[in-house]
Amino acid sequence: MACALTPPGRLLTVEPAGVSAFLRPRPVRELPGVGPATVRHLVQHGVHTVGDLAGLPLATVQRLLGARTGRTLHDRAHGRDHRPVFTEHVARSMSAEHRFVRDELDPAEHRRALLDLAGQLGTRLRTDAQVSAGLTITVRYADGATTTRTRALSEATHHTMLLARSAYDLYETLGLQRARVRSITLRGENLSPAEHAARKLTFDHTVDKTLLIEAVQDRARRRYGTDIIKPASLA
């Protein structure tokens with residue numbers, strides 16, 4: 001039995017007969033490891049397709065291409081590939097950064113930046129069909145020093161409003177008083193596929209309405225651009 005790699009990183013099991021039927025009529029140049037020089041050499045000896053190569057005895061292929069290359073390409077012509085398969089891994093974190101035009105003292109401007117960052121992060125997470133189980137805020141000050149706070153979320157999410165609420169809570173734990181802030185970074189941690197996430201039931205209809213509106217906004221952004229819709233406070 002053979003395995004073929006199919007996007008995005010999934011393994012597809014294929015019966016040997018199916019592999020043979022797929023491979024045999026293909027031009028030999030499409031076989032992995034067959035370069036232009038090898039193609040010319042094989043064609044000179046009447047080998048035009050993968051089936052032609054598979055039909056030759058191993059010893060003949062090795063005389064034509066060398067012991068190691070001959071064995072490798074003969075195996076691949078028969079649908080055998082012993083290289084390990086590495087599947088794609090979901091990114092474990094995702095971040096967005098806001099740099100102020102000048103060192104910012106106003107907490108209201110800090111919160112506006114956090115709302116914008118939560119919006120950017122949420123949009124990217126939803127686009128990639130991922131959710132974040134944690135949130136980290138990093139504040140860089142005028143003197144280059146930084147402060148970082150991290151929190152595990154009560155539920156993994158990719159919704160802007162829920163991310164913004166947690167970001168505000170983290171900001172409050174910093175206890176900034178007249179701090180001159182140069183930049184703020186918001187990072188989603190412990191990402192996982194959104195299809196495995198579950199949202200807690202709530203009797204807060206405001207939350208449900210906001211999430212419905214968010215879905216409409218995402219469709220508008222995909223069609224007209226990411227800046228077409230913003231919260232009024234960021235307009």
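The values are calculated or read from the model by the stated rules, or taken from the named source; none is laboratory data. These numbers come from a predicted model, not from an experiment. A quick note on method: Cβ atoms are made from the backbone with ideal geometry, for glycine too, and the neighbour counts reach across all protein chains shown. Surface areas here come from the heavy atoms of the whole protein model, side chains and all, with no ligands, DNA or RNA. Shrake-Rupley method; radii C 1.70, N 1.55, O 1.52, S 1.80 Å.
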Pull up the stretch 66-84, narrow it to residues that are assigned to a loop (DSSP other than H, G, I, E, B) and in contact with a helix residue (DSSP H, G or I) (Cβ under 6 Å, 6 or more places away or on another chain), then point me to the one that is modelled with the highest pLDDT. 78
Can you go through 63, 29 and tell me which one is of a type in the set (Lys, Arg), modelled with pLDDT under 90 and in a helix (DSSP H, G or I)? 29
Taking the stretch 162-178 and keeping residues polar (S, T, N, Q) and either at positive phi or out of contact with any strand residue (DSSP E or B) (no Cβ under 9 Å at 6 or more places or on another chain) (or both) leaves 177
For the stretch 33-59, how many residues meet the condition of being open to solvent by 40 Å² or more (accessible area, probe 1.4 Å), in a helix (DSSP H, G or I) and either in contact (Cβ under 8 Å) with a residue 24 or more places away in the chain or in contact with a helix residue (DSSP H, G or I) (Cβ under 9 Å, 6 or more places away or on another chain) (or both)? 7
From the list 63, 68, pick out the single residue that is open to solvent by 60 Å² or more (accessible area, probe 1.4 Å), farther than 13 Å from residue 26 by Cβ and either in contact (Cβ under 8 Å) with a residue 40 or more places away in the chain or under 40 Å from the mean Cα position of the chain (by Cα) (or both). 68
Qualifying positions in the stretch 103-132 - exposed (fewer than 15 other Cβ atoms within 10 Å of the Cβ) and part of a helix (DSSP H, G or I): 108, 109, 127
Looking only at the stretch 91-102, how many residues end up being under 27 Å from the mean Cα position of the chain (by Cα) and either surrounded by 16 or more Cβ atoms within 10 Å (Cβ to Cβ) or under 15 Å from residue 186 (Cβ atoms) (or both)? 7
What are the pairs with Cβ atoms under 6 angstrom where one residue, in the stretch 120-139, is farther than 9 Å from residue 194 by Cα and the other, located anywhere, is charged (D, E, K, R)? Sequence gap at least six, or different chains. 134/189; 135/151; 136/187; 136/189; 137/149
Please enumerate the residues belonging to the stretch 133-148 that are buried (at least 16 other Cβ atoms within 10 Å of the Cβ) and out of contact with any Asp or Glu (no Cβ under 7 Å at 6 or more places or on another chain). 137, 138, 139, 140
